[in-house]
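Notes for the one structure printed next.
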Amino acid sequence: MTAQIPPPPNSQVLSLVAALSQTENHDLHVQAIRARDEALSASPNSYGNLCVQLSLLLVGCNNPEQMLHQIDRPSLDGWRQANQSTALRLESDPMQWIPFGQMGGLILKNALLRPPIQITGQSMALSNEDALRLKETLVFGLSLGHPELYNVVSSIIATTSVSVDGVQPLMHISQWPELMPILLQNIHNALNSSNVSSLSGSLTTVRKMMEDGPSEIPVMALDSIVPLLLRLFQATDENIKVAALQSIVACLGSGMLPSSLVTHFSDYFTGLSHLASDESAKVRKWVCRSINTMLELHTHYLQPHMGSLCQFMLQATILQPSQADDIVAVEASEFWILFATLDETRLTSDMMDTVEKLLPNLIPTLLHNIVYSEEQRIEILAQNEIDLEMKESMKPIFHSTKQKHDGQSDMDSEDESDDDGWDEDDTEWNLRKYSGASLDSLSNLYGAGPILPALLPALQQGLSSGDSWIQEASILALGAIAEGCHEEMNAHMGELYPFLLNLLSAPETPQALPQLKSICAWTVGRYAAWAVDQVQRGAQGHLLAQVTEVLLKRLDDSNRKVQIACGSALGVVIETSGDLLLPYLEHICPPLVSAMSRYQGRSLVIIFDTLGIMADSCGPAIGEHELPAIYVPTMLHMLNTIMLNNPSDQTLLPLMESLASVALACGMNFQPYALETFENAMCVIEQVQLALATADKVTEEEADPIVCATDLMDGLCEGLGNNFIPLVGSSKRYGQHFVSVLHSLCKYQAVGVRISALALLGDIARNAPSLVEPGLSELLHEAISNIEATHHEMHSSLANNAVWAIGEICVQCGSNSAPFEPFASLLMQRLIVLLMGNGEGRISSGCGVNVADVISSILFAIISWHIPAESGPEQIDFVTGEYAFQPFPPSDAEIGLQLAKLMKDIKASVGSDVWGSTQAQLPVNVRRLLQKAYDL
């Protein structure tokens, strides 16, 4: 049955889109935007009518001659007269109707997904009649002949039908029951006939729905589409095969595994095997992506096939000279990273053995792929020339919020710059990065035994090569295995470390390759622990001084990549060496200050980071004697300069982070600079808050300057201790308002700001408690309000800092409970929720105990840790049924010890009578658990 051709759009929508497309006519374009917005927001009828008209234009542009023929003559003539330039352009080149229709479709998509807000506060929504007309038109649009147009149609259908927020309820798949049957029928018809007019549009829609919201698609429809997608693996058209692969990958990537795919998995695997030899590189790329997705999320389905899969991935990793590009090798290289980082519960010994047998061929392949291609070399050399002449543009910098007293220091987290050896300046991962990361991951998994026999011969040959590019790749590989093979490589470092330092210290020449020095610096940092060990054992007492001197001299290099690499490596050496570098601090600081005055962009950020690392690693020593006078004034001068020009400048973030570490490490020796630092931090907070005051919603990135300024004051507080009180009092501009500013930060809409504010509150309570006494009630209220049990990383840090701050206030209050009395009930409720384990309170609803009682509530919260996470309330009655409590989770044993201590402290504090009365009310299973697990 042939679908009925929709009617044409009216001439008003033609005029609107024509005006919107004339961006060169500013006044006309602005008028058109205003007319569009007015039509969309005037009334629900006007909104719906314009959406329908835009859809008619979108599909009509597929056959503009037919569309114009259907418009009544007077309206068409009027449109041509009013839009002469557009009409002439479209008539002289009919292909211009395609982008004209695309624009109409994109305006429609934006109107549907971001509808105007009515006076009632509700978003504009389509009426039943308009939604029906729009659906019919869009479904017709699936069979359009021009991909540019049916792609827009598919995008509109997919985004509206599986939109989780349901911004257009009547367009959602739950209110569009005929959508999936139509898509399935179109694909089925194309498979069983030569008519494929609507296959591409329908398949594109399915793919986009799988990408945007597969969980919204009904289960039956999802199970029906999988066999059709598998049949499309046999198609002759490259785009059809790719779209079918992409659809299944999108579904799997969301964590879903349709039952029909499980049923037809042998067909899926057979189809992938068939496509593995497809002549299209794009198809083979998506075969690799399919395997990677299954390996990462559904490993056990691949385990029986690992032998053939790994052989295919090895061949795909080998970059063939005949290949036009490396898209297949890039995708295949990710396989080895995913494999090497699999959870140990999914990585079987058979899988390990399978890959280990391939290492003699795989390792040299990865090393070969690390070498820059001819095209990359040309680009790099050209960029090197440009770098000598142009200044670097500033990259976005985002602050990482800190969590107080979480048992992990800031330096325990992996250094984000640690992969700079293969990170370069590219935002996308390429074959070089994947190959280097694969080598790193595999060496960490297997260790030196299986890795070095395959690598060392090629590595030795590459390091001695006269080709700088091959030498550079070999040094990167040497750095990549530093962690996984460090013990075995130590035997070679006596020869290799001087080799690296000699390359790094070689003078600059026009023929020298800056990338070689850059990778040398990175690798020197990767083996910093060996250098430290040499000094500690007395084997090479001056080695750290030599390394530091070489890196400091290279800070004068004219190439910014070398500057960044040497600055990063210096930070690693300082962090690894710790106290061993204390004698050299006076020699380290002046070159860093000199670099600060000359650097910009990322190079400057690295210097800030290095100073912060020095403060964290060397501690109070950086504040002794005249050392602070060497570097702190320059840092404050830069802070003043940048802040005055733009308080939202991203360079401020690492500068303030570094200053916070310096202030903390210097302690009382930072006093000469404390007032200026404090007022600068308060000024940043003030200015950024003013700049963001009118924003409806403040993003975490926009609030980052406030976060860093708050952390800077926290560093001052921890460093100065009780002397933080007179510091605040000495500020004429901010002293009287400090507590009110702190209160505002504790309730700021950006979570990161609250995390830092609560950390500051806790440190003030510990070091300078009298400072917050005037606003203690309000600050306590905000701290308690921020306690929320959640698995979201930022909110978990927020609750952690809130509890910690409250605890510090408790310590200062001692026996004086008055400040807490108004909040006691709310505080206990929030804390009890945090104590809950996997049971999440289920047992409390099934027992007769008065859970409002604080002691009982705490006990039941602790008991919930003994309920398996996967057990539901309908499965086992833990309270009154057969005893089924489990031991405390071994992975959280430390928490278990703390909870046991808490219960014993409670028992001791309330006395035997109250405890006995409370315990007598507990069900027998609970009493048995307390006696068995906690000896209570």
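Over the Cα atoms of the range 470-592, the radius of gyration divided by the Kirkwood radius equals 0.94; this is the Rg/Rh ratio.
Listed values for the range 81-91 are Karplus-derived 3J(HN,Hα) couplings in whole Hz (6.51 cos²θ - 1.76 cosθ + 1.60, θ = phi - 60°), namely 5, 7, 10, 4, 5, 5, 4, 5, 5, 6, 6, and x replaces Gly and Pro.
Packing, as the average of other Cβ atoms within 10 Å across residues, places the peptides 468-477, 481-490 in the order 468-477, 481-490, highest first. Per residue, the accessible area of the range 266-373 comes to 44 Å², computed with a 1.4 Å probe over protein heavy atoms only.
Expressed in units of 2.2 N^0.38 Å, where N is the residue count, the Cα radius of gyration of the range 1-98 is 1.10. The orientation-averaged shadow of the Cα convex hull for the range 604-737, equal to a quarter of the hull surface, comes to 8.0 nm². Which one of 39, 52, 62 has its Cα pushed farthest toward the positive end of the charge dipole of the range 30-92, where Lys and Arg give +1 and Asp and Glu give -1 at the Cβ? Toward the positive end, the furthest listed residue is 39. Counting Lys and Arg as +1 and Asp and Glu as -1 over every other residue whose Cβ lies under 15 Å from the Cβ of residue 349, the net charge comes to -3.
Taking the protein heavy atoms of the range 588-679 in the context of the full set of protein chains, the accessible area attributed to carbon and sulfur is 54 percent at 1.4 Å.
For residue 729, neighbours were defined as the other residues whose beta-carbon sits under 15 Å from its Cβ, and their charges (Lys and Arg +1, Asp and Glu -1) total 0. Only protein atoms count toward the accessible area here, which uses a 1.4 Å probe; on the range 136-284, the carbon and sulfur part of that area reaches 53 percent. Taking packing as the residue-averaged number of other Cβ atoms within 10 angstrom, the listed peptides 640-647, 693-700 run from highest to lowest as 640-647, 693-700. Residue by residue, the range 202-219 carries 3J(HN,Hα) couplings of 5, 5, 4, 5, 4, 4, 5, 5, 5, 6, 7, x, x, 5, 7, 6, x, 4 Hz when phi is fed to the Karplus relation 6.51 cos²θ - 1.76 cosθ + 1.60 (θ = phi - 60°); x denotes Gly or Pro. Packing, as the average of other Cβ atoms within 10 Å across residues, places the peptides 62-75, 368-381 in the order 368-381, 62-75, highest first. Surface composition of the range 681-763: carbon plus sulfur atoms hold 50% of the accessible area, using a 1.4 angstrom probe and ignoring ligands, DNA and RNA. Across 5 Å bins from the origin, how do the percents of Cα pairs in the range 608-686 run, short distances first? With 5 Å bins starting at 0, P(r) equals 3, 16, 30, 26, 16, 7, 2.
Taken about its Cα centre, the chain carries a charge dipole of roughly 1600 debye when the Cβ of each Lys and Arg holds +1 and the Cβ of each Asp and Glu holds -1.
Max-minus-min Cα coordinates of the range 572-649 on each principal axis give 39, 25, 19 Å, with the largest extent listed first. Expressed as a fraction of 2.2 N^0.38 Å, the C-alpha radius of gyration for the chain is 1.12. Close amide-amide hydrogen proximity is noted between residue 123 and 118, each under 5 Å apart and 5 or more residues distant or on a separate chain (H modeled in the peptide plane; Pro and chain starts excluded).
In µm²/s, what is D for the range 177-298 at 20 °C and 1.002 mPa s, where D = kT/(6 pi eta Rh) by Stokes-Einstein and Rh is the Kirkwood radius from Cα pairs? Using the Kirkwood radius from Cα pairs, D works out to 150 µm²/s.
Annotation: per residue accessible area for the range 728-802 equals 40 Å², rounded to a whole number [probe 1.4 Å, protein chains only]. Once the 1.4 Å probe is applied to the protein heavy atoms, the range 565-635 comes out at 34 Å² accessible per residue.
For the range 450-539, the gyration tensor built on C-alpha atoms gives an oblate shape. Its axis ratio a/c (a ≥ b ≥ c) is at least 1.5, and a/b is not larger than b/c. Taking only alpha carbon atoms, the range 35-170 gives an Rg to Rh ratio of 0.98, where Rh is the Kirkwood radius. More than 27 angstrom separation, counting every C-alpha pair in the range 206-362; what % is that? For the range 206-362, the fraction of Cα-Cα distances above 27 Å is 22 percent. Taking the charge dipole of the chain about its Cα centre, with +1 at Lys and Arg Cβ atoms and -1 at Asp and Glu Cβ atoms, the residue from 153, 893, 683 reaching farthest to the positive side is 153. Take the Kirkwood radius over Cα pairs of the range 57-137, plug it into Stokes-Einstein at 25 °C and 0.890 mPa s, and you get 166 µm²/s for translational diffusion.
Each residue of the range 888-895 is assigned a 3J(HN,Hα), and the resulting list reads 4, x, x, 5, 10, 4, 5, 4 Hz, derived from the Karplus form 6.51 cos²θ - 1.76 cosθ + 1.60 (θ = phi - 60°), x at Gly and Pro.
The values are calculated or read from the model by the stated rules, or taken from the named source; none is laboratory data. Quick caveat, the model's predicted, so the values are computed rather than measured. Ideal geometry is used to build each Cβ from the backbone, glycine not excepted, and the neighbour counts take in all protein chains shown. Side chains included, ligands, DNA and RNA excluded: accessible areas come from the protein's heavy atoms. Shrake-Rupley method; radii C 1.70, N 1.55, O 1.52, S 1.80 Å.
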